[in-house]
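The values are calculated or read from the model by the stated rules, or taken from the named source; none is laboratory data. Values in this document were obtained by computation on a predicted structure and should not be read as measured data. As a convention, Cβ positions derive from the backbone with ideal geometry for all residues, glycine included, and neighbour counts pool all protein chains shown. Protein only, heavy atoms only, side chains kept; ligands, DNA and RNA dropped before computing areas. Shrake-Rupley method; radii C 1.70, N 1.55, O 1.52, S 1.80 Å.
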Amino acid sequence: MAEGLMKKMYGQRAYVQSAGVKNDMEVDGFSIAVCKELGIELSRHRSRSFEEMQEWGDDLSQFDLIVALSPASQRTALELTRYYHLDVEYWPILDPTGLGESREAKLAAYRQARDQIRDRMIARFGPPVEEETT
């Protein structure tokens, strides 16, 4: 959700790449649904690990900032600071997986997480850029 939100809100202002502690994970259907409500397409997205990013040619030394959304990703990101000059920020975002009994309750939890990410982005990076119209 974070990568999709960042690209939607800030466009080309920054290079954004999402990474997780684990890779090869399908994006959760609830994440796809709540992002689609904002015009963000996630259905073809999948999670990558930091190791996979390096294998695919991403130079982690070129990144300025890693925003960790879970304690596990924060630990992994902090380990990278031993090798690369990176800033790491931890944003404690609600983990909506496993929350809610009904479909609507699950969607509400995912919307809450999505909105927490959006609000943190605005606080950190400022108002979203206006979309260019052609």
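Residue under question is Arg13, and the condition is that it be free of Cβ contacts under 8 Å to residues at least 12 places away in the same chain, surrounded by fewer than 16 Cβ atoms within 10 Å (Cβ to Cβ) and basic (Lys, Arg); does it hold? Criteria not met by Arg13. Against the list (1) touching a Ser or Thr at 6+ places or on another chain (Cβ under 9 Å); (2) over 18 Å from Val27 (Cβ atoms), the condition Phe63 fails is (1).
Determine if the range 73-82 includes at least one residue that is within 19 Å of Leu5 (Cα to Cα) and within 14 Å of the chain's Cα centre (by Cα). Checked against the condition, which is being within 19 Å of Leu5 (Cα to Cα) and within 14 Å of the chain's Cα centre (by Cα), the range 73-82 yields at least one hit. Within the range 103-134, the set of residues being modelled with pLDDT of 95 or more and of a type in the set (S, T, N, Q) comprises Gln112, Gln116. I want to confirm something. Restricting to the range 27-72 and keeping residues that are of a type in the set (A, V, I, L, M) and in a helix (DSSP H, G or I), which single residue is surrounded by the fewest Cβ atoms within 10 Å (Cβ to Cβ)? Residue satisfying both the conditions and the ranking: Ala72. In the range 78-121, the qualifying residues are those that are in a helix (DSSP H, G or I) and free of Cβ contacts under 8 Å to residues at least 12 places away in the same chain, and the one that is most open to solvent (accessible area, probe 1.4 Å) is Arg103. Just one of the listed residues (Lys8, Lys22) is at pLDDT 90 or above and either assigned to a strand (DSSP E or B) or not hydrophobic (A, V, I, L, M, F, W, C) (or both), namely Lys8.
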